[in-house]
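I am attaching a structure below and will ask some questions about it afterwards.
The values are calculated or read from the model by the stated rules, or taken from the named source; none is laboratory data. Note that this is a predicted model, so its numbers are computed, not measured. Here the Cβ positions follow ideal geometry from the backbone for every residue, glycine too, while neighbour counts run over all protein chains shown. Note: areas computed on protein heavy atoms with side chains; ligands, DNA, RNA excluded. Shrake-Rupley method; radii C 1.70, N 1.55, O 1.52, S 1.80 Å.
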Amino acid sequence: MTRPHDYFLRTDRLGFGQWSEGDLPLALELWGDPGVSSLIGGPFTDREIGARLARERTMLIDHQVQYWPVFLLQSDDFAGCAGLRPYHLDGRIFEMGVHVRKSYQGQGLAQEAARAVIKFAFETLQIRGLFAGHHPKNASSKRLLGRLGFSFTHEEFYAPTGANHPSYLLMNPGRPETL
Ligand SMILES: CC(C)(COP(=O)(O)OP(=O)(O)OC[C@H]1O[C@@H](n2cnc3c(N)ncnc32)[C@H](O)[C@@H]1OP(=O)(O)O)[C@@H](O)C(=O)NCCC(=O)NCCS
């Protein structure tokens with residue numbers, strides 16, 4: 001369980017932790033809610049959510065990134081997750097994703113978390129570019145990616161939803177090489 005003093009990254013309202021083995025109850029709260037999972041491949045069984053938690057922990061060991069759990073600084077309440085996963089390792093392109101618990105959606109928290117992830121990716125990790133995609137029915141995610149400055153590149157089949165997802169890139173302005 002992430003404790004407040006463990007936050008490695010903070011925004012005005014959010015602290016970023018790291019998934020621990022004992023975080024299954026938090027993972028179930030987030031990914032077990034169809035209000036969060038329906039457009040990212042859910043509903044997920046408890047077993048699938050346990051496997052997802054294990055994958056996030058392995059990703060941190062292997063690639064120093066994960067969809068980090070985020071908490072409200074004011075209450076330490078669990079708000080969701082935001083972060084990175086490998087997309088095109090040779091090109092140093094990572095995928096960015098944000099999942100906000102239903103009760104905290106509509107407050108600008110996804111945007112706040114995503115801006116912190118982008119800054120961390122580009123300035124601290126020196127990542128070359130970020131990929132993001134969304135289910136075609138995910139209007140909220142589409143607006144979010146637009147506000148963050150992502151550019152539409154193509155549609156890509158996403159096996160967990162069985163749909164073609166509009167897909168986007170945001171390149172690191174500090175590393176202006178082309179793909
Ligand atoms: C998509 C998702 C991440 C958006 O989360 P969110 O926290 O509601 O998103 P935002 O931070 O952009 O805020 C949403 C709205 O609140 C508004 N808002 C309210 N208060 C705000 C504030 N203080 N600051 C900024 N915006 C605020 C925003 O303008 C935005 O308006 P819009 O609906 O017209 O676009 C969320 O719906 C989610 O987790 N869905 C399930 C998982 C998923 O599909 N993730 C995306 C693919 S990885």
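Pop the C-beta distance of Gln74 and Phe152 into the FRET formula with R0 = 30 Å and round what comes out to the nearest 0.05.
Working: r = 36 Å, r/R0 = 1.19.
Efficiency at R0 = 30 Å is approximately 0.25.
Looking at Ser37, Gly129, Phe94, which one has the Cα that reaches farthest to the positive end of the dipole of the chain (charges on Cβ: Lys, Arg +1; Asp, Glu -1)?
Gly129
Quote to one decimal, in nm, the extra length available between Asn164 and Arg55 on full extension: 0.36 nm per residue of separation minus the C-alpha distance between them. If you can, show how the numbers build up before the last one.
Numbers: separation 109, 0.36 × 109 = 39.24 nm, distance 2.38 nm.
Between Asn164 and Arg55, full extension yields an extra 36.9 nm.
Quick check: Cα centre of region 85-164 to Cα centre of region 31-65, how many Å?
16
In straight Cα distance, which lysines are under 18 Å from Lys102, not counting same-chain residues fewer than 8 positions off?
Correct list for Lys102: Lys137, Lys142.
Would you look at the GNM of the chain, springs on alpha carbons closer than 10 Å, and say which of Arg85, Arg55, Arg143 moves the most?
Arg143
For region 20-77, what is the charge dipole size about the Cα centre, in debye to the nearest 20, if Lys and Arg each add +1 at the Cβ and Asp and Glu each add -1 at the Cβ?
Magnitude of the dipole: close to 220 debye.
Run the paramagnetic zone check for Gln111: 7 angstrom along Cα to Cβ, then residues of region 135-179 with backbone nitrogen under 20 Å.
In region 135-179, the label zone of Gln111 (backbone N under 20 Å from the point 7 Å along Cα→Cβ) covers 135, 138-152, 168-171.
In addition: Compute, for region 4-171, the length of the dipole vector about the Cα centre, with Cβ point charges of +1 (Lys, Arg) and -1 (Asp, Glu) only. Units Debye, rounded to 20.
500
Moving on to the next point. Compare the Cα positions of Trp19, Leu144, Gln105 along the charge dipole of region 4-171 (+1 at Cβ of Lys, Arg; -1 at Cβ of Asp, Glu; about the Cα centre) and return the one farthest towards the positive end.
The residue sitting farthest along the positive end of the dipole is Leu144.
For region 151-156, what does the Karplus curve 6.51 cos²θ - 1.76 cosθ + 1.60, with θ = phi - 60°, yield as ³J(HN,Hα) per residue in whole Hz, taken in order and with x for Gly and Pro?
3J(HN,Hα) across region 151-156, in whole Hz: 10, 4, 10, 5, 9, 9.
So if I average 1/r over every pair of distinct C-alpha atoms in the chain and take the inverse, what Kirkwood radius in Å does that give?
After inverting the mean inverse Cα-Cα distance, the result is 16.5 Å.
How much of the accessible area of region 4-171, probe 1.4 Å, is carbon plus sulfur, in whole percent? Walk me through the numbers before you get to the answer.
Working: 4230 of 8320 Å².
Carbon-and-sulfur percentage of accessible area, whole number: 51.
Continuing with the same structure: Please report, to two decimal places, log10 I(q)/I(0) for region 135-179 at q = 0.15, 0.19, 0.26, 0.32 Å⁻¹ as given by the Debye formula with identical point scatterers on the Cα atoms and no solvent.
-0.45, -0.66, -0.97, -1.15
Could you do me a favour and compute the accessible area per residue for region 92-149, 1.4 Å probe, result in Å²?
In whole numbers, region 92-149 has 45 Å² accessible per residue.
Let me ask another. Normalising by the residue count of region 4-171, find the relative contact order in percent from Cα pairs under 8 Å and 6+ residues apart.
19
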